[in-house]
Amino acid sequence: MRDFSQGHEWLSINTATIRKQQGVEVPLDRLIDQCAAQGIRAISPWRDQVAAVGLERIGKQLRACGIGLSGYCRGGFFPASDTAGLKAALEDNRRAIDEAKTLDAPCLVLVVGALPGALEGRVQYKDIARARREVRDGIAASLEYAREVGMPLAIEPLHPMQAADRACINTLEQALDLCDDLDPQRSGMLGVALDVYHVWWDPKLQQQIARAGRERLLAYHVCDWLTPTRDLLNDRGMMGDGVVELRKIRGWIEAAGFAGFSEVEIFSALDWWQRPGDETLAICIERHRSVV
């Protein structure tokens, strides 16, 4: 395993981690400046944050600060109740691919979607098998364009608690089955984003990480699972504050060939989003060195 104890050159910050500071939403250009001041050399921004400031402006700022991307959040949400909705999802994913390419991201992360309308409490159908077929077809169509422009797609399996509303792909095994179906040549254009918050519990995790290998492991997200968890979406823990065996899991992914960034992604309405961003970043750096 790589030794992270003496520096943080392999730390990336998913901008969700500091997008709210002391309860206030902070624009992406300021977040980039905060990361640059702490010597952080990679981030993973969200599309809405980029749009709020401007794609071209963010690209220029990243280049000026010498900051790259570990991923781009996010594409996906393919299922829909009708043909128009399916088409709209593909068009939006095409735009996401173009944005990721403009920012020179190494991959576009896909949160694939699930039952249409579930996030708003108005489920339009309940057939999760149908949703999974629409996810498969949506990724297949998006992959054609992604190949044309050279932007790898990374499927992110989400914890089963989010199977109804955010992602009907819930294990690394499911994600890799899709990869093998749609990209049997292991071209490097389709892989996975492994987020420990979503997969740490999986009894097949080590086996499936080995199966993924270097070609499929496109992104690695870290945080921790708190006990008790007060909110299943917005109460992620800082690394070292919960029950995830972070060092063990990193050992598995590095043994499989992964040598990229450990991207800190923490949604924390009750704790870290109530703190100053500089404080949160400083603790991310310390925990990256000591527990990741």
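If you go through the stretch 145-160 and pick out every residue that is open to solvent by 10 Å² or more (accessible area, probe 1.4 Å) and either at pLDDT below 95 or part of a helix (DSSP H, G or I) (or both), you end up with 5. All but one of (1) crowded, with 18+ Cβ neighbours inside 10 Å; (2) outside any strand (DSSP E or B); (3) aliphatic (A, V, I, L, M) hold for Ile43, so report the exception by its number. With (1) crowded, with 18+ Cβ neighbours inside 10 Å; (2) outside any strand (DSSP E or B); (3) aliphatic (A, V, I, L, M) applied to Ile43, the lone miss is (2). Looking across the stretch 1-22, the residues that are over 17 Å from Trp272 (Cβ atoms) and hydrophobic (A, V, I, L, M, F, W, C) come down to Met1, Phe4, Trp10. Among the residues examined, Ala163 does not qualify as small (Gly, Ala, Ser), open to solvent by less than 40 Å² (accessible area, probe 1.4 Å) and in contact with a strand residue (DSSP E or B) (Cβ under 6 Å, 6 or more places away or on another chain).
So for the stretch 120-140 (the condition being hydrophobic (A, V, I, L, M, F, W, C) and in a loop (DSSP other than H, G, I, E, B)), does at least one residue qualify? Checked the stretch 120-140: at least one residue is hydrophobic (A, V, I, L, M, F, W, C) and in a loop (DSSP other than H, G, I, E, B). The set of residues in the stretch 232-250 that are open to solvent by 30 Å² or more (accessible area, probe 1.4 Å), of a type outside the set (Gly, Ala, Ser) and modelled with pLDDT of 95 or more comprises Leu233, Asn234, Asp241, Val243, Glu245, Arg247, Lys248. One residue alone among Ala212, Ala255, Ala219 is under 21 Å from Pro106 (Cα atoms) and either open to solvent by 30 Å² or more (accessible area, probe 1.4 Å) or modelled with pLDDT under 95 (or both), and that residue is Ala255.
Pairs are defined by a Cβ separation below 8 Å, a sequence spacing of at least 6 or placement on different chains, a first member in the stretch 19-30 that is under 14 Å from Val50 (Cα atoms), and a second member that is open to solvent by 50 Å² or more (accessible area, probe 1.4 Å); the pairs so defined are Arg19/Glu25; Val26/Lys20; Pro27/Ala52; Leu28/Ala52; Asp29/Arg57.
Which of the residues belonging to the stretch 271-292 are among the hydrophobic types (A, V, I, L, M, F, W, C) and either more than 15 Å from Gln38 (Cα to Cα) or in a loop (DSSP other than H, G, I, E, B) (or both)?
First, the residues of the stretch 271-292 that are among the hydrophobic types (A, V, I, L, M, F, W, C): 272-273, 281-285, 291-292.
Matches in the stretch 271-292: Trp272, Trp273, Val291, Val292.
Does the stretch 67-79 include one or more residues that are basic (Lys, Arg) and under 16 Å from the mean Cα position of the chain (by Cα)? Yes, that holds for at least one residue.
A search for C-beta distances below 7 Å between a residue of the stretch 49-63 that is modelled with pLDDT of 95 or more and any residue that is among the hydroxyl-bearing types (Ser, Thr, Tyr), counting only pairs 6+ apart in sequence or on different chains, returns Gln49/Thr15; Leu55/Thr102; Gly59/Thr102.
The values are calculated or read from the model by the stated rules, or taken from the named source; none is laboratory data. These numbers come from a predicted model, not from an experiment. Here Cβ is always computed from backbone atoms with ideal geometry, including for glycine, and neighbour counts include all displayed protein chains. Note: accessible area is taken over every heavy atom of the protein model, side chains too, but ligands, DNA and RNA are not part of it. Shrake-Rupley method; radii C 1.70, N 1.55, O 1.52, S 1.80 Å.
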